[in-house]
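**Q** Handing you a structure now.
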Amino acid sequence: MARPSSQIVLSAEGRRELERLARAPRTQARYAQRAQIVLLAADGLTNKEIAKRLGTRSARVSKWRTRFAAEGAD
């Protein structure tokens with residue numbers, strides 16, 4: 001049985017900042033993808049759904065979702 005995913009709750013300011021990072025043309029691709037992962041997780045998508053949507057592995061999604069839940073955006 002799979003463990004439940006970390007719940008992500010964003011403030012309005014936090015969401016705006018992550019959306020800016022995800023869309024900014026000068027943001028490195030890895031940072032943009034991490035921002036997209038957190039935004040989609042905050043929208044309630046599962047790790048598998050996020051991985052499929054972003055074309056990455058669910059292990060990467062799980063890693064960044066868990067890390068963000070524990071440490072925040074830093």
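The values are calculated or read from the model by the stated rules, or taken from the named source; none is laboratory data. Keep in mind the model is a prediction, meaning the values are calculated, not measured. When we count neighbours, we look across all protein chains shown, and the Cβ atoms used for this are built from the backbone with ideal geometry, even at glycine. Heavy atoms of the whole protein, side chains included, go into the accessibility calculation; ligands, DNA and RNA do not. Shrake-Rupley method; radii C 1.70, N 1.55, O 1.52, S 1.80 Å.
**Q** Being in a loop (DSSP other than H, G, I, E, B), aliphatic (A, V, I, L, M) and within 17 Å of residue 4 (Cβ to Cβ) is the filter here; which residues of region 14-53 pass it? Give the steps one after another, and end with the answer.
**A** Filtering region 14-53 for residues in a loop (DSSP other than H, G, I, E, B) gives 24-28, 43-46.
Narrowing the set further to residues that are aliphatic (A, V, I, L, M) leaves 24, 45.
Residue satisfying the conditions is 45 alone.
**Q** Quickly run through region 38-55 and pick out the residues that are among the β-branched types (Val, Ile, Thr) and crowded, with 19+ Cβ neighbours inside 10 Å.
**A** Just the residues of region 38-55 that are among the β-branched types (Val, Ile, Thr), to begin with: 38, 46, 50.
Of everything in region 38-55, those that are among the β-branched types (Val, Ile, Thr) and crowded, with 19+ Cβ neighbours inside 10 Å turn out to be 38, 50.
**Q** Which numbered condition trips up residue 35, out of (1) open to solvent by 40 Å² or more (accessible area, probe 1.4 Å); (2) free of Cβ contacts under 8 Å to residues at least 24 places away in the same chain?
**A** All conditions pass for residue 35, except number (1).
**Q** Count, please, the residues in region 3-32 that happen to be closer than 17 Å to residue 59 by Cα and open to solvent by 90 Å² or more (accessible area, probe 1.4 Å).
**A** Residues flagged as closer than 17 Å to residue 59 by Cα and open to solvent by 90 Å² or more (accessible area, probe 1.4 Å) within region 3-32 amount to 5.
**Q** Here's something else I'd like to know. Taking residue 56 and the conditions (1) at pLDDT below 95; (2) assigned to a loop (DSSP other than H, G, I, E, B), which numbered condition does it fall short on, given that it satisfies the others?
**A** Every condition holds for residue 56 apart from (1).
**Q** Going by what's in this entry, would residue 10 be described as assigned to a helix (DSSP H, G or I), of a type in the set (A, V, I, L, M, F, W, C) and in contact (Cβ under 8 Å) with a residue 12 or more places away in the chain?
**A** Working: assigned to a helix (DSSP H, G or I): no; of a type in the set (A, V, I, L, M, F, W, C): yes; in contact (Cβ under 8 Å) with a residue 12 or more places away in the chain: yes.
Here the answer is no, as residue 10 does not meet what is asked.
**Q** Could you please let me know if residue 58 is of a type in the set (Ser, Thr, Tyr), open to solvent by less than 60 Å² (accessible area, probe 1.4 Å), on the phi < 0 side of the Ramachandran plot and within 11 Å of the chain's Cα centre (by Cα)? Outline the logic, then answer.
**A** Values: of a type in the set (Ser, Thr, Tyr): yes; open to solvent by less than 60 Å² (accessible area, probe 1.4 Å): yes; on the phi < 0 side of the Ramachandran plot: yes; within 11 Å of the chain's Cα centre (by Cα): no.
For residue 58, the condition - of a type in the set (Ser, Thr, Tyr), open to solvent by less than 60 Å² (accessible area, probe 1.4 Å), on the phi < 0 side of the Ramachandran plot and within 11 Å of the chain's Cα centre (by Cα) - is not met.
**Q** Please state which one of 42, 22 is under 11 Å from the mean Cα position of the chain (by Cα) and farther than 15 Å from residue 67 by Cα. Talk me through it step by step, then tell me what you get.
**A** Values: 42 fails: farther than 15 Å from residue 67 by Cα.
Sole residue among the options that is under 11 Å from the mean Cα position of the chain (by Cα) and farther than 15 Å from residue 67 by Cα: 22.
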